[in-house]
Ligand code: UGA
């Protein structure tokens, strides 16, 4: 943490997030970064933005939240502790109790969950669909709601427990949509339909909407995987088996592995095969590798005996990929001599990858598009075999001759 504070003081953002460096620079004169909690004594609002990763039991780890509560200095006036972190329902009540126990009853508490997505954080924060404010005391809720007055977004006023649940339920619903469309994609593959066209046809129904219907190799990131577990555990700790959410999680786990079966269908056994993984971050415009499908894919490929070469435009040194993956600097290096290229993250840089150069560089011109980024017809016209997720496949997509080729043993 001291290193992060130091880099922020120098105006350097210690993670990749578009627009944040410019925002920090514009407001440098109004921002102070400190490790000294006593510097906060006269603050009116204290936003808690710590992470709440899963514990071994799948519950959210609230130890950082409790560190904040324990370390709060003797605050003056009527400051308000504003919870931005994603926490289980009931956390606010516990923190309220903790504050009272510490003799900080004069500190207000408001749940104000954050709905921004990585890669578009500044835009989402400035133009939110809604702001949720859950308070024990109406005046505290009024004070926090007033901070957002200029954003022209609806403000949902509610109690603390409901605000906490809104955050968890919103994420759970988004994940449900993803796992749903991924299952539809899998059925499309089995029946000869095309999920991209199906999603478009579904999304035009105003009751359903078009968002979060992009089929692919599953969701990752620092939020969905841990929030789904936390909500599942929260329910089961309260005596309820959240069946639908359990299925959403399982579908997502299986979805990450489907690429392996696709590769095998084209290449036969993967031992000794050279596979290029294109994109490593859990989604574009971030360098975040937490719970990224690329990690599961790389591990499975190594376990199958494949040689894995990986590229990402912003993830440095391959992040936390398993040992044995060769990380390279360019797409050209990744695909050189490869038996297949797998698009794992839909980076813009990959949109025109179906070129003559790439085709000639590959030992076998096969693209498995895990994010349905490319236009299948154009890629095939460029001389590649192509397979997306839930897209129509053609008999010519399976390169039969490659089945017969004996893979080199290592
Ligand atoms: C998510 C939510 O979108 C935010 O509203 C929420 O505030 C945030 O979690 C959080 O709880 O902090 P984020 O994880 O940054 O944001 O990213 P998303 O854009 O939601 O994508 C999550 C994953 O779902 C990615 O791996 C993405 O590739 C995948 N995804 C998304 C799909 O597979 N299909 C889709 O249609 C949409």
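I'm told residue 225 meets every condition in (1) within 12 Å of the ligand (Cβ to nearest atom); (2) in contact with a helix residue (DSSP H, G or I) (Cβ under 6 Å, 6 or more places away or on another chain); (3) part of a helix (DSSP H, G or I) except one. Can you identify the failing condition by its number? With (1) within 12 Å of the ligand (Cβ to nearest atom); (2) in contact with a helix residue (DSSP H, G or I) (Cβ under 6 Å, 6 or more places away or on another chain); (3) part of a helix (DSSP H, G or I) applied to residue 225, the lone miss is (2). Residues of the stretch 220-263 that are surrounded by fewer than 18 Cβ atoms within 10 Å (Cβ to Cβ), over 20 Å from the mean Cα position of the chain (by Cα) and in contact (Cβ under 8 Å) with a residue 40 or more places away in the chain: 237, 244. In summary, residue 158 fulfils each of the numbered conditions (1) out of contact with any strand residue (DSSP E or B) (no Cβ under 6 Å at 6 or more places or on another chain); (2) at pLDDT 95 or above with the single exception of condition (1).
For the stretch 48-77, a residue qualifies if it is over 18 Å from residue 290 (Cα atoms) and in contact (Cβ under 8 Å) with a residue 60 or more places away in the chain, and exactly one does: 57. For residue 96, the stated conditions do not hold, so it cannot be described as in a loop (DSSP other than H, G, I, E, B), over 24 Å from residue 2 (Cα atoms) and in contact with a strand residue (DSSP E or B) (Cβ under 8 Å, 6 or more places away or on another chain).
Scanning the stretch 190-219 for residues that are surrounded by fewer than 18 Cβ atoms within 10 Å (Cβ to Cβ) and under 20 Å from the mean Cα position of the chain (by Cα) returns 210, 211, 212. Within the stretch 79-93, the only residue that satisfies the criterion of being part of a loop (DSSP other than H, G, I, E, B), away from the ligand (no atom under 16 Å from the Cβ) and in contact (Cβ under 8 Å) with a residue 60 or more places away in the chain is 90.
With respect to the conditions (1) assigned to a helix (DSSP H, G or I); (2) more than 11 Å from the ligand (Cβ to nearest atom); (3) out of contact with any helix residue (DSSP H, G or I) (no Cβ under 6 Å at 6 or more places or on another chain), residue 207 falls short on a single one, namely (1). Among the candidates 126, 83, the residue that is within 28 Å of residue 150 (Cα to Cα) and surrounded by 15 or more Cβ atoms within 10 Å (Cβ to Cβ) is uniquely 83.
Restricting 135, 146 to residues that are away from the ligand (no atom under 16 Å from the Cβ), without any contact (Cβ under 8 Å) to a residue 12 or more places away in the chain and either over 30 Å from residue 369 (Cβ atoms) or touching a helix residue (DSSP H, G or I) at 6+ places or on another chain (Cβ under 6 Å) (or both) narrows the list to 146. Selection of first residues in the stretch 101-127 that are farther than 20 Å from residue 40 by Cα and without any contact (Cβ under 8 Å) to a residue 24 or more places away in the chain and of second residues that are in a loop (DSSP other than H, G, I, E, B) and within 8 Å of the ligand (Cβ to nearest atom), restricted to Cβ pairs under 6 Å at least 6 apart or on distinct chains, gives the following pairs, ordered by first then second residue: 124/116; 124/117; 125/116.
Taking the criterion of being part of a helix (DSSP H, G or I) and under 26 Å from residue 117 (Cα atoms), the residues of the stretch 9-41 that qualify are 9, 20, 21, 22, 23, 24, 25, 26, 28, 30. One residue stands out among those in the stretch 179-189 that are within 11 Å of the ligand (Cβ to nearest atom) and buried (at least 21 other Cβ atoms within 10 Å of the Cβ): the one that is farthest from residue 393 (Cα to Cα), which is 179.
Among the residues here, residue 65 does not qualify as crowded, with 19+ Cβ neighbours inside 10 Å and part of a strand (DSSP E or B). Take residue 283 and decide whether it is modelled with pLDDT of 95 or more and within 24 Å of residue 52 (Cβ to Cβ). Considered against the rule, which asks whether it is modelled with pLDDT of 95 or more and within 24 Å of residue 52 (Cβ to Cβ), residue 283 comes out as yes. Checking every residue in the stretch 342-352 against the condition of being in contact with a helix residue (DSSP H, G or I) (Cβ under 8 Å, 6 or more places away or on another chain), assigned to a helix (DSSP H, G or I) and over 22 Å from residue 305 (Cβ atoms) gives at least one match.
The values are calculated or read from the model by the stated rules, or taken from the named source; none is laboratory data. Just so it is clear, the model here is predicted, and its values are computed rather than measured. Methodologically, a virtual Cβ is constructed for each residue, glycine included, from the backbone with ideal geometry; neighbour enumeration extends over all protein chains shown.
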